[in-house]
1. Taking segment 164-197, which residues are in a strand (DSSP E or B) and of a type in the set (A, V, I, L, M, F, W, C)?
2. What number goes with the only condition from (1) at pLDDT below 75; (2) not in a helix (DSSP H, G or I) that Ala399 does not pass?
3. Tally time: how many residues in segment 242-256 are under 8 Å from Trp185 (Cβ atoms) and surrounded by fewer than 18 Cβ atoms within 10 Å (Cβ to Cβ)?
4. Over 24 Å from Lys258 (Cβ atoms), assigned to a helix (DSSP H, G or I) and without any contact (Cβ under 8 Å) to a residue 12 or more places away in the chain - does that describe any residue in segment 99-106?
5. Can you pull out the residues in segment 243-257 that are out of contact with any helix residue (DSSP H, G or I) (no Cβ under 6 Å at 6 or more places or on another chain) and in a helix (DSSP H, G or I)?
6. May I ask you to list the residues in segment 425-465 that are under 23 Å from Lys585 (Cα atoms) and assigned to a helix (DSSP H, G or I)?
7. Consider Lys367 against the criteria (1) touching a strand residue (DSSP E or B) at 6+ places or on another chain (Cβ under 9 Å); (2) at pLDDT below 80: it satisfies all of them except one. Which criterion is unmet?
Amino acid sequence: MKNTNTRFPLKKDRVTILEEHLNGTDAIPAKEQVLYGDESCGITDDWQDEPRRERELKTYSDAGYLVRKTSKNGNGPWKIHSIVVQSHRIMEILRCSLDGYPGVSPALDTMTLFSPFESMFHRWDEFCRAIESADEKVKRHIDGFFRIFEKELKPHFKILQDANKHGVIEHDHLWTIFGPNELIWWDIKQNHSIGRVLYTKKVSKGSFEIHCKQIVWDGFTLQDEECVLCICPFTGSRPVAEMYVVPLSRKPDGTTIKEVVLQRGKKFLALAGCHYRIFVWIYRQFIQLHRHFIRSGHYREYLGLGLVKRQHKEDYDEEAQDRPQWDGVRNRQESQAIDPASKDDSECLIYSPLVKGYSLTKKKWYKLFVSNISDITWDNSFDRLVLGSDEKELLLGFAETKLHRSTEFDDFVSGKGNGVIILLAGPPGVGKTLTAESIADQMRVPLYPLSAGELGTSPEKVENRLYQALTLCQEWDAVLLLDEADVFLETRSTSNLQRNELASIFLRLLEYFKGLMFLTTNRRDSIDPAFQSRIDLTIGYDDLAEDSRFGIWKNFIGENANFQGAGESKLRDLASHEMNGRQIKNVVKLAGMLATRRKQSLDSTHLNAILKMYEQN
């Protein structure tokens, strides 16, 4: 074996003027440059102009361009490795034809083009047009340069022609169909995704990487985002249309895909800003609707709101992984809605199919498919709320006035005293939670439900999570429902210092809250006096009377065909059972399951069967 430290000549040390490329007196000389590399490395990018034993500096400043050729053993075959352009006339042509091409800097005085000359291949038409529009002197000057590339690129154009004709391509030639600015398509969980190619490259183990651009909404403005797609090595040829990533122009249904993506792009723009929407989770044969608040501008700031276990992994995109620390301080910047008509179709095509949204039930940020987001169909539950008409009017009027009031009145200390706190007190199952839900529904604003258990027990966690919830509700004009708040509201004592600390934290945060909050409690008589002074309105609930139970039964089953013809008699019979609202709801749910099991329509038979079980227990 030869010494691996020696360097061998790739070609005899000579400089040859390429006479065959000289046409006329205005033609320029082209010189061949000998390169040297390590014999042990085979093909390498570490080429040297001089063998290690020779230190004489050779210059080729008089050449218009240098054609660098390589050979494995110095005896041939010789292949062009790169071409160094030094002629200012050729550079002018290249500046016109390669302007904007990734990785090319035509503003420099010289330029090095490497085999297989992707830039010249993808900009060949522009290159030919630039020569055609040049004067005759420049044409003669560049003729030899043109002929070299014409010969080098001819096999690649043949490959492209075959790909166009037969629809198949080999892995080594993928770069010929994925040129810069090419629109490409790939699938994300049965959702079309389109990007615009920035550049491509071969990476380790032979994979072909496609770097492309999509446009995302960051909560405040539209931003370019780079996506990296990879096509793993494969042997032989493969149908282009069946690959993981496909040029959109080569998709058989490309026109239909464009129409679908354009409509989605306009919907994407319409979601810019803050929105309260329904997102459809499709899970097996069931379709579940979850309300989400679409505001990706707060994605990074509020991500640490708590973790929940995924329930439907296959139906939505991954949650974000970065979870920065909550510092309690941020600069507010309003996001502006965007008029879809102000954007052209070429931009709409590359909008991301995903937006970030916050699940108000799961307390977590998700990436949501735009195509699965729709407007909320409000169910007008406030009209069916079983509560006195005067109380309902007072409650709604008070909430609306307080929530949308200006900051004309403020506390003596700036930033204090602008929040609205409504206490709903009464035994379980009488409609406290439903009242808060109905108010938010009637006002067409998000409801942020939060239980004391979700806040935790340690003072640090409680303060952090409660502050985040209060801030989100204030920013989004959401109604905060703090259910089972007794742990914070009970009268403090000297025997439980930790609970006293929790109450103090809660009181302090309430001082600066500017939104609308509902608190529910089962123990109205044990509320600490410090909290009573901060409550704006208290609604008390008693155990449900028969008329109230009748109203609840009517809300649940009154529209059922098997009950409509019987007047009020069946509903009155049901209302005679002493139950709270939650128990009535459970009876109807279980009776419905029983009817489904028997493949029957819900009627009194099923309800009475469940009621009998309740009475026995």
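The values are calculated or read from the model by the stated rules, or taken from the named source; none is laboratory data. Everything quoted here is computed from the prediction, not taken from an experiment. Note that we place each Cβ from the backbone using ideal geometry, even for glycine, and neighbour counts take in every protein chain shown.
1. Hits for segment 164-197 are Val168, Ile169, Leu183, Ile184, Trp185, Trp186, Ile194, Val197.
2. (2)
3. 1
4. No, segment 99-106 contains no residue that is over 24 Å from Lys258 (Cβ atoms), assigned to a helix (DSSP H, G or I) and without any contact (Cβ under 8 Å) to a residue 12 or more places away in the chain.
5. Answer for segment 243-257, where residues must be out of contact with any helix residue (DSSP H, G or I) (no Cβ under 6 Å at 6 or more places or on another chain) and in a helix (DSSP H, G or I): Ser249, Thr255, Thr256, Ile257.
6. Within segment 425-465, Lys432, Thr433, Leu434, Thr435, Ala436, Glu437, Ser438, Ile439, Ala440, Asp441, Gln442 qualify.
7. (2) is the only condition that Lys367 fails.
Yes or no, residue by residue, for (1) touching a residue at least 24 places away in the same chain (Cβ under 8 Å); (2) of a type in the set (Phe, Trp, Tyr); (3) under 16 Å from Leu248 (Cα atoms); (4) in contact with a helix residue (DSSP H, G or I) (Cβ under 6 Å, 6 or more places away or on another chain):
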{"site": "His156", "(1), (2), (3), (4)": "yes, no, no, yes"}
{"site": "Gln161", "(1), (2), (3), (4)": "no, no, no, no"}
{"site": "Val168", "(1), (2), (3), (4)": "yes, no, yes, no"}
{"site": "His173", "(1), (2), (3), (4)": "no, no, no, yes"}
{"site": "Thr176", "(1), (2), (3), (4)": "yes, no, yes, yes"}
{"site": "Leu183", "(1), (2), (3), (4)": "yes, no, yes, yes"}
{"site": "Ile188", "(1), (2), (3), (4)": "yes, no, yes, no"}
